[in-house]
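*Asks:* Provided herewith is a single structure, encoded as C-alpha cells, for subsequent inquiry.
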Amino acid sequence: MGERWRRDDVLGKTKRVHDWIDSRACPWLLEVLASLSTLPKNGVLPPDRAKSQSLAFDVKTVSVTGPASVDGETRITLSDRLGPVSDWWWRSSEILKPCWQADPPKVGGVPLRPQL
C-alpha cells in the first residue's frame, strides 16, 4: 500500500491531489517495485544509452529515493531526465494508472491515515 501527492495543472491552475494505491487490489504494483532493481545504481549509462544525443531542457527530472540496504537507514536517490530512471517512471506510471484511488485503503475495516 502506498500514497502520493501529485500536482495536476489544468488550464494554468495547479491542484494538489492525494492518491492511494493498494497492492491487494493492484497486482502490478509489486511487479513495478521489483523492477526498481533493474535500474543502474552507479550513475554510469550502459553503452546503448551513452551515445551522443541532444539535451531537452523542458523535460522534467525524475528522481526515485529509497533504502539502499536492508538496514533501512542508508538512502539512495537515482535521478535523470531522459535515461533509465525516467524510462522506468513513465512506463510504471502508465501501468499503475488504473490502480490509484482517492479513498485510502482499509485494513481491518479502518481506513489508513495519511503518512506523507
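Rule-based calculations on the coordinates, nothing more; no lab input. The model shown is predicted, which means the values in this text are computed figures rather than measured ones. Cβ coordinates were reconstructed from backbone atoms using ideal geometry, including for glycine residues, and neighbour counts include every protein chain displayed.
*Asks:* How many nm separate the modelled label positions at Glu94 and Arg24, each set 7 Å beyond the Cα in the direction of the Cβ?
*Replies:* 3.1
*Asks:* Output wanted: per-residue J couplings in Hz (rounded whole) for segment 87-104, from phi through Karplus 6.51 cos²θ - 1.76 cosθ + 1.60, θ = phi - 60°, x for Gly and Pro.
*Replies:* 4, 4, 4, 5, 5, 5, 5, 5, 4, 8, 3, x, 8, 6, 9, 6, 8, x
*Asks:* Suppose R0 equals 41 Å; then what is the FRET efficiency for Val17 and Lys41 from their Cβ-Cβ distance, rounded to the nearest 0.05?
*Replies:* Here the calculated transfer efficiency is 0.85.
*Asks:* Suppose each label sits 7 Å from its Cα in the direction of the beta carbon; what would the Lys106-Glu3 distance come out to in nanometres?
*Replies:* Distance between label points: 1.8 nm.
*Asks:* How high is the FRET efficiency from Gln115 to Val59, r the C-beta distance, R0 22 Å, rounded to 0.05?
*Replies:* E between Gln115 and Val59, to the nearest 0.05, is 0.15.
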